[in-house]
1. Can you tell me which residue in the range C:217-233 is surrounded by the most Cβ atoms within 10 Å (Cβ to Cβ), limited to those that are more than 18 Å from residue D:65 (Cβ to Cβ) and within 11 Å of another protein chain (Cβ to nearest Cβ)?
2. Please go through the range C:276-304 and pick out each residue that is crowded, with 22+ Cβ neighbours inside 10 Å and within 14 Å of chain B (Cβ to nearest Cβ).
3. I'd like to verify a number: residues in the range D:233-253 that are free of Cβ contacts under 8 Å to residues at least 60 places away in the same chain and under 24 Å from residue A:46 (Cβ atoms), how many?
4. Suppose the filter is away from chain C (no Cβ under 14 Å), touching a helix residue (DSSP H, G or I) at 6+ places or on another chain (Cβ under 8 Å) and either part of a helix (DSSP H, G or I) or closer than 30 Å to residue D:206 by Cβ (or both); does residue D:116 pass it?
5. Which residues, taken from the range C:77-94, are outside any helix (DSSP H, G or I) and surrounded by 15 or more Cβ atoms within 10 Å (Cβ to Cβ)?
6. In the set B:81, B:72, which member is within 14 Å of another protein chain (Cβ to nearest Cβ), surrounded by fewer than 16 Cβ atoms within 10 Å (Cβ to Cβ) and either free of Cβ contacts under 8 Å to residues at least 60 places away in the same chain or more than 30 Å from residue A:41 (Cβ to Cβ) (or both)?
7. If residue A:177 satisfies every condition in (1) more than 14 Å from chain D (Cβ to nearest Cβ); (2) farther than 19 Å from residue A:236 by Cβ; (3) at pLDDT 95 or above but one, which is the exception?
8. Can you confirm whether the range C:27-49 contains a residue that is within 14 Å of chain D (Cβ to nearest Cβ), in a loop (DSSP other than H, G, I, E, B) and within 21 Å of residue C:196 (Cα to Cα)?
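The values are calculated or read from the model by the stated rules, or taken from the named source; none is laboratory data. It should be emphasised that the depicted structure is a prediction, and the values quoted were computed from it without experimental measurement. We place every Cβ from the backbone using ideal geometry, glycine too, and count neighbours over all the protein chains shown.
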């Protein structure tokens, strides 16, 4: 964890209600795809946790969805403005588990952190497949970016307006060595039930602090209570206990 | 009263802890010297009441002193930034009472609203004297500006480091037709006791709204309770009841 | 009835937005800024039997996301309100007004309420048994169920119009006090009055307010107000007027979901004189965003 | 003793700043960010006799100038705290720690306090009779003077270290409860725990927290906390640990002027992990600004 003042280099719409923000600043604490940052926004008491879509020395890319007043305020910010950010939060994905044919399963905004993961896995020479699910065609983002990394990409939309009709679980094809999933909890649960083999899943949660102090975001696991913000947000399939 | 978004044209230090802010915007509601504006500042719940130092169509000049977090935030703002301001608050001075040789008595930051008053009185061809009192030489501001208007200016400092040693009441000279005073309450009280003849005095107060709704700033007068923000801030000598 | 209208104790309001007592005077200041007939109604300045100057200065202190006030029921007294304020109001406001009343004894409450009950302009009596800024100023009545009930009975015995009792949040069990008021005949409950607070002047090293303590209002208290409205809704069957830090159309909807039939807006009027007008204008858009057709249908909607 | 030091129940603190229970875990997370030995001490996560998962999700809701939490006393239980957390803490923190204890019966409180009283690392027992997020979770003890006193007696009977009782602000008369605790043998009083609040999810039209209500903390509650510390200071003679929305060195000074010997900082740690370190660093400058030579000299200074 490191507290860093970033400068906004870019903040532009990407899809319906989805924005991409590029930040310039010290990224030394950001070490693994699947980690997130926690952003202080003027006029809002709690920080906003946003997963890292891509990271490189000195620059972070965040892809976020406007879901409330906080993210609304974020979307209204412009280049040159500064943000107080806690960086390098959460465990991130374990690429050592990937095997040679990893499958990435993204649901809506949950697609964002999988991009950096895909880039790392491709750099390791893995054959990466990605199934990206959205509600409708207007929500789709980063399809081309995943392709540009050399991933085998399938897009599914719940309303069938684009790509394969249905959910990511309807577009599953066998032949993957390990899966990585990120998205809303119902999607993750469906993935666990329908996807064969082992995987890691990244969870969302309402967080207080984002670094493990308030235990506000705790969920039960087979290894006892775990904090999504610090022990997660990524959990191994076998650890997960479905409470809702 | 009119709610106006102003743009800051200038915001620069004038004396020890004293700043001058020039605002560009609709000044149609500002009608008399001695009126004040009430400024909304991000991160502060209540507005900050600041007396108008000078006004002309499309432009306001405020001279304010940094006394807390709010005015600190004001001092940190720069040209181009926008402010949400309630304008044209308070009754202001009645120049019809001036006679031909009005005397202006300013204490510290209370000197600010007297500048516009002096300009109006000079424009009406009055012979204006001004006695401006400060704690020390470093606090003195607008001496030259009052002179440039053609006022007979005397500066007094409590520590004697500049001008006449002592308070404004020590620098009083007879021969004025009416006086106008603005400053901290102890100074106003001393003026009422020591200055002969009639006058108007402008009071400071802790305000909630600034436009008469909350009656937070009420003070007793010979005509019953009056709101400093709306029935004042200027009161006739004969109305005033000294409570503290 | 249109999508914004609600019925409060048998009287229909065009919308549920009501400027709260003590933040709207007797209406005339705001009538200069906008046509106050756009309001559901408003609750006028807390009125007592005799004129009051209130507390010494200073009476106002700023806080994070709110303010303290210790005005102490400054008002010209009920006879001056009837002789001067109500006629002046009649020229600019053509709806029933809510008459807010405070007192220091059962006789005070009964006398003042009876006088205002006779005034045709008055639609409701809002009986404040919760002023935190006056010693024995109603707050003592508002913290004990039996004392609260005694005020309600005294007022109901001499009035005909709906009596809404305004409760203090500075209690252990708000529901029991609301229930006692309902049992004593209250036609409605309004809450919350301000939370008792204090700020200290670091320069003088003394309490900032001359009165020592003051009442906290503003967004800071909103979650406490929502909780208490929710609790009182489960305890009584009379309508509830919810208030406490409401500053937006979303806040109005949240209060109504918690159980409020109408919603008072207080401190927001002091930082923006157009707050209530703008909140009313924003309601239809907010309703659309949350799939709400008629406001009256969501009252208490958050209760399973 | 230097300018920042104070003495809390006979134990000297280098400074009065104490991270509040529930916002600092058992210390280890923060020890990764800065040397927590700069703290006066800290109050560790509320510990119960048995392990607890706490309440279902969601447990956190944002508010204006604050937050609601309904964690519900998640903790590994006193034996795990003694076997795992305290040894881990010993490596990074070399001062006496404040052990925060909750319970559901007098036996719970006595057992857990007795076990922690035996631990050499523990300097004070902070007995929480005010958790708003657990049904029968201490709050019931904290709202009645006799019940509060019974907890104090049960704990004092089996412990030797200073017992500080943590009070809830959700009461009509905080002073009477503080007095009852002092009469029952409490060595100190800490306040305020969180104000009971609620937020409603406009999309789901249900309370946002799974628990319904939650505890409000953050700058929003600061004026209420200052008022209650001021009132309790006039009611008891034992030292007071003040807390509630403290976010700056100025806030620490204000709390001490109101009557606090030491000051806990809660929610601020959650929005800025360095909050306490930075507040301590800012104290000398703030003291100079307000002409304060030694912090210990201003305790209760606002009382005429």
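1. Out of the qualifying residues, it is C:229.
2. The answer is C:276, and nothing else.
3. Residues in the range D:233-253 being free of Cβ contacts under 8 Å to residues at least 60 places away in the same chain and under 24 Å from residue A:46 (Cβ atoms): 7 in total.
4. Considered against the rule, which asks whether it is away from chain C (no Cβ under 14 Å), touching a helix residue (DSSP H, G or I) at 6+ places or on another chain (Cβ under 8 Å) and either part of a helix (DSSP H, G or I) or closer than 30 Å to residue D:206 by Cβ (or both), residue D:116 comes out as yes.
5. C:77, C:93
6. B:72
7. Residue A:177 satisfies every listed condition except (2).
8. Checked the range C:27-49: no residue is within 14 Å of chain D (Cβ to nearest Cβ), in a loop (DSSP other than H, G, I, E, B) and within 21 Å of residue C:196 (Cα to Cα).
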